[in-house]
Amino acid sequence: MPELLVEVGCEELPAHAIRNANRQLFEALERNMQEATLLEGAAERTTSRELCTPRRLIAAIANVKAIQSDRTLERRGPSLKSAYLADGSPSPALLGFCKSLGIEPKNVQTRENYVWAVVHVPGKPAREILGEIISDSIQSITFEKTMRWGGGRMRFARPIRWIVSVFDGEIVPFELESVHSSNRSRGHRFLCPEEFEVSDCRSLVEGLRKRYVEPDPEERKARILDSCSTLMKKSIEELKKYPWFCPLVEENVFLTEHPIAIEGTFQKEFLELPQEVLITAMSKHERFFPVFDKEENLTNRFISISNGGEPDVVRAGNEWVLNARFNDALFFFEEDRRQTLEEFLEKTKNILFQERLGTVYERAERLVALMRWIAEEVFRTHEERGPCELAARYCKADLSTGLVSEFPELQGIVGGLYAQREGFPEIAWKAIYHHYEGVPEPKSGGEIAANLLCSVDSAERVAGFLGIGEIPKGSSDPYGIRAAVTKLVELQSYPHFPRISAESIVMKAVEVLREGGVTLSSDETIRESFREILYGRYEAMFPEIRYDVRDAVWAVHAADTTPRFLARAKVFQKYIDDIPFLRTGKRPANIVHAARKKGISLPETPSKEDVSEKLFEHPCEKKLLEATIAAEKEILELEQREDYEGMAKVFRSLQKPIADFFDQVMVMVDNEKLRDNRLKMLAYLDSLFRKLGDFSRIVIEGESEK
């Protein structure tokens, strides 16, 4: 089948957006061509890999039909009342409808009080409709930030400069924002900018490579990896152990079309700066690779990835820029040395966190109170808890330092380094150092304290902003509330983190905020807003959990810890195809739920004392009560051990007495005493099942939900 080639050439796109934009282009082309019946099945890429660079998005589809498939379409016309005149002849409305479709009035059909026409539409040549399809597909690509250019109205991440649109070797003509499609691509911006003709994907790839453009991002990545490995004298696997390495490689892949590694050096005197400052300046600010020696000591060498240009000129420019940045950092570092963390903390009294939530200094006082509360759950002695409170007091002090003003991404890290320099206990300075992100595998008291401090920092932020009504809406989340809730969810799975739910920490923060004089909305309003966000986080972070399983556990255990929430959900997932087990829990749950919906009064916390054996009419009632009482003891013990798998096994043992009860007993009888007694027993039984979740929320395929 003929091939369609599309290349969107533009100014340099943001590195982080290129892969996604290229996929959107391909998916939009596939979707639009399927609607136009130009594809047989799914679109087939001409190449096995995606092709894209900072200046071009490329989509090549191999299985495009030359002619659309014929289609039979139904079109609804005017209503019967307006389609015919009093004498039964066609009205002007019907005649106009038929004329627009090229049919005779006698060929229409009538149903549902309307006139209908069945029209056979012969397929058009692909070349006649591909222009509109390609144009629509390009315009459908979305970015976080877009712009307009010239006098146009279209929005895109960067101005579009050329469009290659070739089908079966010939140009598909169309115009988009004054750019006319053609069969002419362009080489490297500086090394070979001349245009050249292409006829298919193969000629485009070959032509680009001859003109210093590598269109395959995986090939560019391989070049960068090999160059770094050679210049650093380390294997690629060794390099990947550095946390900054792989993200930096990926970024450089999409900053260059013709990557060339160039080694440079900076002045050795700057090595007295903290290593974190040097690595951040090189990797995050300049996109350079730091170089370590065999003993893992940072050297004054670095590697930059050039996109062309004279190597000596590029090297000299990179060295000048890096030395200048390090010189600024050294100045701020030396200035900071003249002050203590206490002095920096005092300055935070003049830094406003939020108008209604006070200053950074006031926020630190709240974090101290929260840290004092949560540290008691982990650290048993005052010698350990004292440094935790110390960390909370000074964790935001570095916001007033010169070094953080120069390198905002080093918040916390700078404070930790300065605290270590001043002789703070290890627990305190490590907690400050790691408190923004936490430590997934903590190996010391300081790293455990960092996770506690990270949790109260996140919770205080969430409580404060939700309490003053700053709730995230749509994609807008200017205060990072969703990110803070995500962090609270993650922290609960870290080793040594106390069994305290995210909701409990947030509501404790609400209490501390109020004690500090901050006016907030009601607890119920804050809790409701928090749960809405938390539910969304669970939905996004754990997509493997079925929606009805998530709802079943959420309905009862929304306020529990994330590990326990997930443990219950995993048990439900395991038995999701065990229909008898699901029905065992659903039958009492459904009937109790229906009774409460009808207004029948049942105990909120039902127990065996609510059930009267004197009102039993059938032996199976007593057997079910006895089985429930026996199960309750086991369930409560298993719940204490968080053995939800064991609980499920106990529930399965109740299948026969529950089935016998429903087979032999009518619950909703006219005698209210008998009815209510049976409902109370089922409510007591359901209360045990709810230790796992609300079984009424589970959907059994093929069974209607009442």
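The values are calculated or read from the model by the stated rules, or taken from the named source; none is laboratory data. These numbers come from a predicted model, not from an experiment. Here Cβ is always computed from backbone atoms with ideal geometry, including for glycine, and neighbour counts include all displayed protein chains. Side chains are part of the model used for accessible areas, which takes the heavy atoms of the whole protein and leaves out ligands, DNA and RNA. Shrake-Rupley method; radii C 1.70, N 1.55, O 1.52, S 1.80 Å.
For the pair Glu195 and Ser405, the difference between a 0.36 nm per residue extended length and the Cα-Cα distance amounts to 71.0 nm. Under a plain spin-label model, where a point goes 7 Å from the Cα along Cα-to-Cβ, how far apart in nm are Arg287 and Glu11? In this crude spin-label approximation the distance works out to 1.6 nm. Only helices enter the 222 nm calculation for the chain: every DSSP H run of n ≥ 4 contributes -39,500 (n - 2.57), and dividing by all residues gives -15500 deg cm²/dmol, rounded to 500.
Please list Ser229, Ser601 from largest to smallest accessible area, probe radius 1.4 Å, with all protein chains kept in place.
Values: Ser229 30, Ser601 95 Å².
Sorted descending by solvent-accessible area, the residues read Ser601, Ser229.
The aspartates and glutamates within cross-link reach of Lys622, meaning a Cα-to-Cα straight distance under 20 Å and a gap of 8 or more places when in the same chain, are Glu609, Asp610, Glu613, Glu632, Glu634, Asp660, Asp663, Glu672, Asp676, Asp686.
For Lys81, a cut-off of 28 angstrom between C-alpha atoms picks up these lysines, skipping any fewer than 8 places away in its own chain: Lys99, Lys106. Each 10 Å bin from zero holds the following percent of Cα-Cα pairs in the range 609-668: 21, 45, 26, 7.
Which of the pairs Lys240/Lys570; Lys145/Lys233; Lys240/Lys284; Lys240/Lys430; Lys240/Lys396; Lys623/Lys691 have their Cα atoms more than 28 Å apart in this structure?
Lys240/Lys570; Lys145/Lys233; Lys240/Lys396
Set the Cα radius of gyration of the range 296-378 against 2.2 N^0.38 Å, with N its number of residues, and you get 1.83.
Quick one, could you list the DSSP H helices from the chain stretching 27 Å or more along their long axis (Cα atoms) with average Kyte-Doolittle hydropathy of -0.5 or above?
Span-like helices here: 311-336, 445-467, 619-640.
Only protein heavy atoms count here; under a 1.4 Å probe, Met541 has an accessible surface of about 60 Å². Ranking of Arg380, Arg76, Arg155, Arg287 by solvent-accessible surface, largest first: Arg380, Arg76, Arg155, Arg287 (1.4 Å probe, protein heavy atoms only, all chains present). The length gained by stretching the chain between Arg161 and Gln34 to full extension, at 0.36 nm per residue less their Cα-Cα distance, is 42.9 nm. Between the range 453-523 and the range 103-181, the C-alpha centres lie 47 angstrom from each other.
Give the distance, in whole Å, between the Cα centre of the range 1-80 and the Cα centre of the range 347-364. Centre-to-centre distance over Cα atoms comes out at 52 Å. Working ranking of peptides 205-213, 94-102 by packing, defined as the average number of other Cβ atoms within 10 Å per residue, highest first, is 205-213, 94-102. Solvent-accessible area of Ser522, all protein chains in place: 60 Å² (probe radius 1.4 Å, heavy atoms, ligands and nucleic acids excluded).
Probe 1.4 Å, all protein chains in place: accessible area of His120 in Å², nearest 10? Using a 1.4 Å probe on the heavy atoms, I get roughly 120 Å². The equivalent ellipsoid that matches the C-alpha gyration tensor of the range 503-638 spans semi-axes of 35, 22, 14 angstrom, in descending order.
Sorting His188, His16 by accessible area puts them as His16, His188; the probe is 1.4 Å, largest comes first, and only protein heavy atoms count. Rounded to two decimals, the Cα radius of gyration of the chain over 2.2 N^0.38 Å is 1.28.
In square nanometres and to one decimal, what's the mean projected area of the convex hull around the Cα atoms of the range 428-506?
Spelled out: convex hull of the Cα atoms, projected over all directions, averaged, 5.3 nm².
Centre-to-centre, using Cα atoms only, the range 367-406 and the range 574-596 are separated by 48 Å. Compute the signed sum of charges (Lys and Arg +1, Asp and Glu -1) over the other residues within less than 15 Å, Cβ to Cβ, of Ser601. Its environment carries a net charge of +3. Measuring between alpha carbons in the structure, the pairs from Lys210/Lys241; Lys574/Lys598; Lys221/Lys443; Lys597/Lys656 lying more than 29 angstrom apart are Lys210/Lys241; Lys574/Lys598; Lys221/Lys443.
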